[in-house]
1. Using the Cβ atoms and a cut-off under 13 Å, what net charge is assigned to the surroundings of Phe31, where Lys and Arg are +1 and Asp and Glu are -1?
2. Got a sec to turn the phi values of segment 90-105 into Karplus ³J(HN,Hα) couplings, 6.51 cos²θ - 1.76 cosθ + 1.60 with θ = phi - 60°, whole Hz, x for Gly and Pro?
3. For Lys43, list the lysines whose Cα falls under 25 Å from its own Cα; do not include residues on the same chain fewer than 8 positions away.
4. Quick query: amide H of Val48 versus all other amide H atoms, modeled in the peptide plane; which residues come in under 5 Å with a sequence gap of 5 or more or a different chain?
5. Tell me, what % of the accessible area of the chain is carbon and sulfur with a 1.4 angstrom probe?
6. Net charge around Leu99, counting only other residues with Cβ within less than 11 Å of its Cβ (Lys, Arg = +1; Asp, Glu = -1)?
7. Per residue, what accessible area does the chain have, given a 1.4 Å probe and all protein chains present, in Å²?
8. Choose one answer from Gly42, Gly65, Gly15: the residue with the largest mean-square fluctuation in a GNM of the chain with alpha-carbon springs under 10 Å.
Amino acid sequence: QVQLGESGGGLVQPGGSLRLSCVASESTLRFDRMGWYRQAPGKQRELVAFIRRDGTLSYADSEKGRFTIARDNAKNTVYLQMNNLKPEDTAVYYCATFLMTQVYWGRGTQVTVSS
């Protein structure tokens, strides 16, 4: 059973930055891809960004240029650097990893963007 632990969420003012971390219980190189999703109140969970095993990246259109996903294989960790945050980025952010047909989720970390 793969376990994922997110951290780094919090309250930030509009225009601010946060870096989320997701530590996996196994080597990140085992997974087909790892990524970040978010769910705002009353909305469906949506993709933010993911990184494939070969290192290629993919972003949702709304986050391109503001968010950056990165991976540190030595630390079994995936990061999400979020810049120029907006109130509409407020959500619970979840780390997810995909291994063949299995999807594993973290418990999430709350990000609130408000003045």
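The values are calculated or read from the model by the stated rules, or taken from the named source; none is laboratory data. Quick caveat, the model's predicted, so the values are computed rather than measured. So basically every Cβ, Gly included, is an ideal-geometry build from the backbone, and we count neighbours across all protein chains shown. We work out accessible area using only protein heavy atoms, side chains counted, and drop any ligands, DNA or RNA first. Shrake-Rupley method; radii C 1.70, N 1.55, O 1.52, S 1.80 Å.
1. Neighbourhood net charge equals +2.
2. 4, 4, 8, 9, 10, 8, 9, 9, 10, 10, 6, 9, 9, 10, 10, 10
3. Here the lysines satisfying the reach criterion relative to Lys43 are Lys64, Lys86.
4. Here the answer is Trp36, Tyr37, Arg38, since their amide H atoms fall under 5 Å of that of Val48.
5. Taking all protein chains in place, the chain shows 46 percent carbon and sulfur surface.
6. Residues near Leu99 contribute +1 overall.
7. Heavy-atom SASA per residue in the chain reads 53 Å².
8. Gly42
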